[in-house]
1. Filter the range 332-362 down to the residues that are touching a strand residue (DSSP E or B) at 6+ places or on another chain (Cβ under 8 Å) and within 19 Å of residue 322 (Cβ to Cβ) and list them by number.
2. Which number in (1) more than 16 Å from residue 238 (Cβ to Cβ); (2) touching a residue at least 12 places away in the same chain (Cβ under 8 Å) marks the one condition that residue 301 misses?
3. Please go through the range 324-377 and give me each residue that is on the phi > 0 side of the Ramachandran plot and surrounded by 24 or more Cβ atoms within 10 Å (Cβ to Cβ), ordered by number.
4. Of all residues being over 21 Å from the mean Cα position of the chain (by Cα) and crowded, with 19+ Cβ neighbours inside 10 Å in the range 90-107, which is nearest to residue 173 (Cα to Cα)? Just the residue, please.
5. Pick from 227, 276: which is without any contact (Cβ under 8 Å) to a residue 12 or more places away in the chain and either under 20 Å from residue 345 (Cα atoms) or in contact with a helix residue (DSSP H, G or I) (Cβ under 7 Å, 6 or more places away or on another chain) (or both)?
6. Given the criterion assigned by TED's automatic domain parsing to the domain that holds residue 401 and without any contact (Cβ under 8 Å) to a residue 24 or more places away in the chain, identify the matching residue among 47, 53, 25.
7. When you scan the range 174-206, how many residues do you find that are without any contact (Cβ under 8 Å) to a residue 60 or more places away in the chain and in a loop (DSSP other than H, G, I, E, B)?
8. Looking at 16, 68, 75, which one is touching a helix residue (DSSP H, G or I) at 6+ places or on another chain (Cβ under 9 Å) and either assigned to a strand (DSSP E or B) or modelled with pLDDT of 95 or more (or both)?
């Protein structure tokens with residue numbers, strides 16, 4: 001099948017922006033012929049990668065797959081106005097140039113990391129009669145409002161406009177694929193027919209995320225790693241507060257790998273609570289090296305704020321951690337907490353509960369190497385059975401084939 005993929009983020013971008021590349025490679029390995037339309041790489045720092053300059057159109061190949069890059073407005077800071085421009089600029093590019101560039105595809109796959117991307121599928125359907133599958137990675141406008149970047153009257157206006165935009169995207173899509181059961185429930189509650197919505201959890205890039213062994217010094221202090229975006233929605237304040245509740249001799253070293261506009265606020269909180277020396281800020285690491293980076297810590301942590309939108313959210317790092325066979329502590333609501341409990345890879349505590357998380361930190365300090373190894377192995381086994389590439393791509397492929405049959409009989 002010839003599939004045109006429209007996505008705002010794509011290789012060589014890292015973190016959650018690496019997901020579309022993993023999707024495309026898996027579909028290519030499944031025998032499909034793909035072409036990608038995307039923006040110029042700028043995530044997560046909001047500036048163009050070296051070797052790129054903004055232009056109307058740039059064509060290249062990534063892993064043998066043709067890629068057309070169209071204009072974006074790069075920004076990933078704390079300014080709501082600039083972030084809005086980032087999404088709106090790509091919506092405009094993708095709905096004009098992008099829809100035109102995929103006009104010869106048999107089916108279009110719109111990877112909706114934001115609600116605005118879905119409009120490109122609507123235009124491809126209306127102008128070029130191309131049916132599309134909408135693969136939703138993030139609930140909009142819920143996640144926009146949860147970020148706190150838009151407040152008051154502008155937030156209410158944005159909520160109405162984005163709901164309307166998303167509803168248009170849902171209505172014109174032939175099939176919709178979501179990454180968690182809770183997300184499917186939300187869409188159905190908003191009037192999307194249940195038979196139209198399929199769950200296909202994201203999988204890890206298994207060429208990158210795999211078990212790696214790293215030699216550790218005997219008696220070395222336990223360490224806990226957070227790897228990802230350091231923003232408001234992650235609610236990392238609870239980790240700093242929990243660390244302060246653990247006696248100094250029992251505290252693991254907390255290593256933060258990534259960047260984000262909440263970093264300075266978290267640094268100030270750590271200083272205020274007297275735990276600044278127990279945090280190590282390590283910055284952004286190359287995506288290709290992440291399995292080795294994760295292996296240097298005794299356990300990983302995922303945190304999310306306790307908001308309704310996050311009950312249906314599945315952070316992309318979840319699959320990567322489990323695929324690497326690393327122990328995992330989760331302080332989050334909803335689907336990710338349920339998955340972590342089922343995986344048995346480590347403690348799961350309520351979101352925003354510093355006392356419960358402090359108990360989990362003490363557990364990490366006291367755990368034996370064998371106990372941690374069992375947690376990691378349990379997580380890897382769960383990934384293989386429920387979250388692997390073969391499982392996820394089969395569900396996505398079913399939606400694409402169903403759409404092809406509707407389009408071509």
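1. Kept after step one, since they are touching a strand residue (DSSP E or B) at 6+ places or on another chain (Cβ under 8 Å), are these residues of the range 332-362: 332, 336-337, 340-341, 343, 345-353, 356-357, 359-361.
Correct list: 332, 336, 337, 340, 341, 343, 345, 346, 347, 348, 349, 360.
2. (1)
3. Filtering the range 324-377 for residues on the phi > 0 side of the Ramachandran plot gives 325, 334, 344, 346, 352.
If the condition is that a residue be on the phi > 0 side of the Ramachandran plot and surrounded by 24 or more Cβ atoms within 10 Å (Cβ to Cβ), then 325, 346 are the ones that fit.
4. Step one: of the range 90-107, the residues over 21 Å from the mean Cα position of the chain (by Cα) are 92-93, 95-107.
With the extra rule that they be crowded, with 19+ Cβ neighbours inside 10 Å, the set shrinks to 93, 95, 98-99, 101-102, 105, 107.
On the way: 93: 19, 95: 15, 98: 16, 99: 14, 101: 18, 102: 15, 105: 15, 107: 11 Å.
Out of the qualifying residues, it is 107.
5. Numbers: 227 fails: without any contact (Cβ under 8 Å) to a residue 12 or more places away in the chain.
Just a single option satisfies the conditions, and that option is 276.
6. 53
7. Final tally of qualifying residues: 4.
8. The match here is 68.
The values are calculated or read from the model by the stated rules, or taken from the named source; none is laboratory data. Not measured: the values here are computed from a predicted model. Glycine also receives a Cβ, built like all others from the backbone with ideal geometry; neighbour counts cover every protein chain displayed.
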